[in-house]
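The values are calculated or read from the model by the stated rules, or taken from the named source; none is laboratory data. In this text, all values refer to a predicted model and were calculated from it rather than measured experimentally. Cβ placement follows ideal geometry from the backbone for every residue including glycine, while neighbour counts extend to all protein chains displayed. To get the accessible areas, we keep the full protein, side chains included, count just its heavy atoms, and leave off ligands, DNA and RNA. Shrake-Rupley method; radii C 1.70, N 1.55, O 1.52, S 1.80 Å.
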Amino acid sequence: MKLADNKATLSFSNGSPSVEMPVYHGSIGPDVIDIRKLYAQTGMFTYDPGFLSTASCQSAITYIDGDKGELLYRGYPIEQLATQCDFMETCHLLLYGNLPDAAGKVDFTKRVTQHTMVNEQMQFFLRGFRRDAHPMAIMTGLVGALSAFYHDSTDINNPEHREISAIRLIAKMPTLVAMAYKYSAGQPYMYPKNALSYSGNFMHMMFANPCEDYAVNPVIERALDRIFILHADHEQNASTSTVRLCGSSGTNPFAAIAAGVACLWGPAHGGANEACLNMLEDIQKMGGVAKVGEFMNQVKDKNSNVKLMGFGHRVYKNYDPRAKLMQETCKEVLGALGLENDPLFKLAMALEKIALEDDYFVQRKLYPNVDFYSGIVQRAIGIPVSLFTAIFALARTVGWIAQLNEMIGDPEYKIGRPRQLFTGSERRDVLPIDKR
Ligand code: ACO
């Protein structure tokens, strides 16, 4: 970051001396006011619940321009990455800052595929869960448990440990997600097949069984790969900030990523694709497209607490560029599987059309986000709804690790310790129990 020519001055109406604060430029995007000395100079904190105006770190990984609807990974537009690169190249880009050449890609892919198996003990750990446990509950446990299996890569301050744990996490997440699925379905786990692509191997572990040969459908393989690319990173969102905050205490990378998985589970974040599909299914049960108007009235009614899931975003106040790419993939997958007339897809299109024209949504700049279409694609592929968020976690793992490693390498990094505006009781004395 570069010091700007201008400074910010904070003045007070009560005559307290004003304070000057440095301003920094990034390469693109809004400047920041450096308030680090504010408390020392004034005895006051800033107040910003939900971090609406707070940059919590400097980062060179992902840039979002929410007004333009632009998303760049290391400077490359998401549209180019999604159409010209695959997920392994995207992982390399996010982790190391550059797209690999052909030899670099072969080398990186080989390094990842060497680590796709998990310790055989993991299956016994998994067995402790109920068969009907939510896959995200299982994933939170399994990812955290990795730190109990890979003791040789848990020192977050050792760059070699960070590198090997990054590769292990990227390699093992598909295996763990597929194991969680197979466990719930009561089917045998399928070992990874390293000759397949990253997404092809995931499909094999999910949908193959030991009794018959399984052929990977290239359209679905490409669709999954695109889902992974589109979800790979997204700047300082809630789960990424969770990973950074958790890792800032010096905990091991597996524990920090497990914290990210737990945060992602929420319906306002990664759980939205599951919530969106459940919403579409509920409207379908109510009567489908004919009931869209009635449903929209509920969404607009402040007292109903009903939200149009898959719509709205904290940062995008324009069309989410990932939603456009996902809509394309959605059409391709439904076409390839002969599901063009899928009633849920038609319903989603009807909802989108109405929302894009309705004043309520237009005024609030609420557009479809990536989750609006990703659920329909995953359902068409045969992935159960409850597994959607786990797939998001699989894809986001590389972003979480890239952000965690960037933080550890930043000389300005400190343990994250927000402050508060205290509104509770002032000091008081404990009364004997018979006088309270
Ligand atoms: N449906 C109906 N109204 C909405 C929606 C929605 N999906 N999203 C926001 N609004 C309304 C709010 O009620 C509020 O209205 P008001 O100004 O009259 O009070 C206004 O739009 C602003 O919304 P906020 O909640 O203040 O926006 P915020 O940035 O805090 O929330 C969020 C963003 C959480 C994503 C929200 O839009 C939402 O809950 N969407 C549905 C869940 C979803 O799809 N999440 C996925 C996020 S993307 C991802 O994680 C990959």
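Across every pair of non-identical alpha carbons in the chain, the mean reciprocal distance, once inverted, gives a Kirkwood radius of 23.6 Å. Annotation: for a label point projected 7 angstrom from Cα along Cα→Cβ of Lys68, no residues of the range 314-347 have a backbone N closer than 11 Å. Annotation: peptides 12-20, 114-122, 228-236, ranked by per-residue average of other Cβ atoms within 10 Å with the highest first, follow the order 228-236, 114-122, 12-20. Solvent-accessible area per residue in the range 1-128 equals 63 Å², computed with a 1.4 angstrom probe and all protein chains kept.
How much of the accessible area of the chain, in percent, comes from carbon and sulfur atoms when a 1.4 Å probe is used? Please list the in-between numbers first.
On the way: 11530 of 21950 Å².
Carbon and sulfur: 53 percent of the exposed surface of the chain.
How big is the Cα convex hull of the range 267-366 in projection, averaged over all directions, in nm²?
Details: hull surface 26.3 nm².
Result: a mean projected hull area of 6.6 nm².
Using R0 = 45 Å, the C-beta based FRET efficiency linking Ile415 and Glu340 works out to 0.30.
From the helices alone, meaning DSSP H stretches of at least four residues, give me the mean residue ellipticity at 222 nm for the chain, per-run term -39500 (n - 2.57), in deg cm²/dmol to the nearest 500.
Details: 18 runs with 220 residues, N = 436.
One gets -15500 deg cm²/dmol as the mean residue ellipticity at 222 nm.
Its relative contact order, with pairs defined as Cα atoms under 8 Å and 6+ residues apart, puts the chain at 19 percent.
Residue-wise HN-Hα couplings along the range 395-406, as the Karplus relation 6.51 cos²θ - 1.76 cosθ + 1.60 with θ = phi - 60° gives them from phi, are 5, 6, 3, 4, x, 4, 5, 4, 5, 5, 5, 4 Hz; Gly and Pro carry x.
Model label sites at Ile354 and Gln84, defined 7 Å from Cα along the beta-carbon direction, differ in position by 4.1 nm.
Here Thr62 sits with roughly 10 square angstrom of accessible surface, probe radius 1.4 Å. The residues neighbouring Val19, those whose beta-carbon lies less than 14 Å from its own, together hold a net charge of +1 under the Lys/Arg +1, Asp/Glu -1 convention. Compared with the dominant principal axis of the Cα atoms in the chain, helix 343-357 is inclined by about 30°.
My understanding is that a pair violates if its Cα-Cα distance is over 29 Å; which of Lys285/Lys324; Lys68/Lys110; Lys182/Lys414; Lys302/Lys414 do that in this structure?
Lys68/Lys110; Lys182/Lys414; Lys302/Lys414
If R0 is 60 Å, the Cβ-Cβ spacing of Ala290 and Asn14 corresponds to a FRET efficiency of close to 0.45.
Place the peptides 196-206, 89-99, 360-370 in order of packing, highest mean first, counting for every residue the other Cβ atoms within 10 Å and averaging per peptide.
On the way: 196-206: 22.4, 89-99: 19.8, 360-370: 17.8.
Descending packing order for the listed peptides: 196-206, 89-99, 360-370.
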